[in-house]
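Read-outs throughout are calculated quantities, based only on the coordinates presented, and are distinct from any laboratory measurement. None of these values were measured; they are calculated from a predicted model. Here the Cβ positions follow ideal geometry from the backbone for every residue, glycine too, while neighbour counts run over all protein chains shown.
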Amino acid sequence: MTTPTLLTGALAATEAGVSPATIRKWVQLGRLSPAGKQGRAQLFRLEDVFAAERDARGGRVGRGGRGGRPGSSGRDAQGGRA
């Protein structure tokens, strides 16, 4: 059995195609947990980062990307507020 490679938040962000701020936000929100530390730097398993990225992407798609009902923009047919 191999030991998983641990990456800094910046490297993990690059691999997952997100910003380092996104990694920090996921940690803050409890969506991602560091697997270790190197000095002051938090280290992450790449598989955990990819799982958090899939969860975040999946959550947006399921809500129509706006946080409301899919297809709902909060406007009526004439462009006014619904």
Spin-label pair Glu47/Thr5, simplified geometry with 7 Å Cα→Cβ offset, distance in nm: 1.5
Rounded, prolate or oblate (a/c below 1.5 giving rounded, otherwise prolate when a/b exceeds b/c) for the range 6-62 by Cα gyration tensor: prolate
Label-point separation, Ala35 to Arg54 (7 Å along Cα→Cβ), nm: 1.5
Percentage relative contact order, the range 6-62, counting C-alpha pairs under 8 Å, at least six apart: 38
Positive-end residue, the range 6-62 charge dipole about Cα centroid, Cβ charges, pick of Trp26, Leu43, Thr8: Trp26
